[in-house]
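Take a look at the structure set out below.
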Amino acid sequence: MEKRKCPRFPVMLPAVFFGERAGGGLVVDVSLEGSRIRSAVPMQKGDYVRIRIDLIGDTLTGDLAVVRWSRKEEFGVELIRMASEQQARLRGFLHLFHATSLGESTTAGTDVQ
């Protein structure tokens, strides 16, 4: 079983990236440290990019990310450098997923027989 430092959450968010290769794609999962992106642009492990993700009603910018893996039309990036306000924005977005998960487990545990 693979262990991660930060939980991943499934999403479908448009993104664009600039750097050694440029293009657009769809973020299909996101964590505090990175994301998995589906794109027709072929990326290679080790490519460096700047990334902009369209959150719901907001935009998130990563100043520097590195491609950690690439397969067919998907690749994973690790966020290396982000401005502090961008990190706070990402934390706030991810908090929505934690709040939903907590609410579901709390509700499920309150059934009285």
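The values are calculated or read from the model by the stated rules, or taken from the named source; none is laboratory data. This structure is a prediction, so every number in the text was calculated from the model and none was measured. Quick note on the areas: whole protein, heavy atoms, side chains included, nothing else; ligands and nucleic acids left out. Shrake-Rupley method; radii C 1.70, N 1.55, O 1.52, S 1.80 Å.
Observations on the structure shown:
- Under a 5 Å amide H cut-off, with hydrogens placed 1.01 Å from N, Trp69 pairs with Gly76 among residues at least 5 apart or on other chains.
- Using the 1.4 Å probe convention, the accessible area of the stretch 33-89 works out to 57 Å² per residue with neighbouring protein chains retained.
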